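Accompanying notes for the structure given below.
The values are calculated or read from the model by the stated rules, or taken from the named source; none is laboratory data. Everything quoted here is computed from the prediction, not taken from an experiment. So basically every Cβ, Gly included, is an ideal-geometry build from the backbone, and we count neighbours across all protein chains shown. SASA here: full protein model, heavy atoms, side chains in, ligands and nucleic acids out. Shrake-Rupley method; radii C 1.70, N 1.55, O 1.52, S 1.80 Å.
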Amino acid sequence: MLSGLPRIEAEAIESRIAGCRCRTLNEEPQTNLAQRYSDCALDCFEAIQAILRDKPQGNVLFQLAIADDAESALLAGLSGLLRTAAIENPRFTGQVMVVPAALAADELCTRLLDEKTGAIEPLGRIRDGVREVLRWEELTAEAETPAFRDDGAYLITGGLGAIGRHCAREILEQTRGARVVLTGRAAWTDEIRVVLEESFGNERVSY
C-alpha cells in the first residue's frame with residue numbers, strides 16, 4: 001500500500017514486482033490530520049482482514065510505503081496495527097517503510113524487494129539513500145548528576161496520595177534544604193494532617 005507518494009502509481013509497482021498487489025490508501029485531502037490517520041488505519045485494517053479472510057496458503061508480506069514528510073510520516077504509527085496482525089496470524093508479516101516523497105517507482109520497488117532478503121523490520125526508513133531501523137539503546141545514568149537540587153523548591157500536584165508522598169520522601173532524602181509543596185483536590189482534614197506528620201515527621205511539615 002502507498003501513502004503520500006504522488007509520483008508513484010499502484011499499477012507501476014504491480015508491473016515491477018511479480019505476484020504483488022498494490023493500491024493507494026484511501027485519503028481525503030480535506031480532512032484534518034487526526035481524521036486522516038483514523039481513515040488510513042481503518043483502510044489498512046480492512047485490507048488486512050480481506051487478506052486473512054482469503055486464508056492464504058503461504059506467507060504474506062504486507063508493506064506500507066509512506067512519504068517521509070511532516071504529515072505522512074505520522075502514519076508510521078500504523079506499524080503497531082501490523083504487529084498485532086502478525087501476532088494473530090503467524091503467516092502474516094507487516095512492515096512500514098518511510099521513504100522520500102520524491103522517490104521513483106523503480107527505486108521504491110528495489111527497496112521493497114531488498115527488505116524481503118533479510119530480517120524484515122516492522123518499521124524502517126530510507127533517508128539520504130541509507131536504510132535505518134529502530135533499535136533500543138540503553139542509556140546509563142550519570143551518577144554525578146543529581147536528580148534533585150539542594151535548596152530547591154518542588155511542587156507535587158496530587159501529592160497527598162501515596163505516590164505523591166513517596167516522591168516527596170525521595171526528594172527530601174536526596175537533598176539538603178529542599179522544600180516540597182504537596183497539593184490535592186481533597187478538602188483539608190485532620191486525617192490528612194496525621195498522615196503527613198506520620199510520613200515526614202512533625203518538624204518537617206508546615207501548613
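Quick rundown of the values:
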read-out: Local net charge near A34, Cβ-Cβ under 14 Å (Lys/Arg +1, Asp/Glu -1); value: -3
read-out: The chain: angle of helix 105-115 to the longest principal axis, Cα-based, in degrees nearest 10; value: 60 degrees
read-out: 14 Å beta-carbon shell around I17, net charge (K/R +1, D/E -1); value: -2
read-out: For D68, residues with placed amide H under 5 Å, excluding near neighbours; value: V99, A101
read-out: Cα-based shape type of the chain, given that a ≥ b ≥ c are square roots of the gyration tensor eigenvalues and the cut on a/c is 1.5; value: prolate
read-out: F148 accessible area, 1.4 Å probe, all protein chains in place, Å² to nearest 10; value: 60 Å²
read-out: Residue of A67, A162, A101 that the Gaussian network model of the chain assigns the largest fluctuation, springs spanning Cα pairs under 10 Å; value: A162
read-out: Relative contact order of the stretch 87-207, pairs being alpha-carbon contacts under 8 Å that are 6 or more residues apart, as %; value: 18 percent
read-out: Between 0 and 90°, nearest 10: helix 79-88 axis offset from the chain longest Cα axis; value: 80 degrees
read-out: Dipole in debye (nearest 20) - the chain, about Cα centre, beta carbon charges: Lys, Arg +1; Asp, Glu -1; value: 380 debye
read-out: Amide H within-cut-off set for G152, under 5 Å, with H built and near neighbours excluded; value: A178, R179
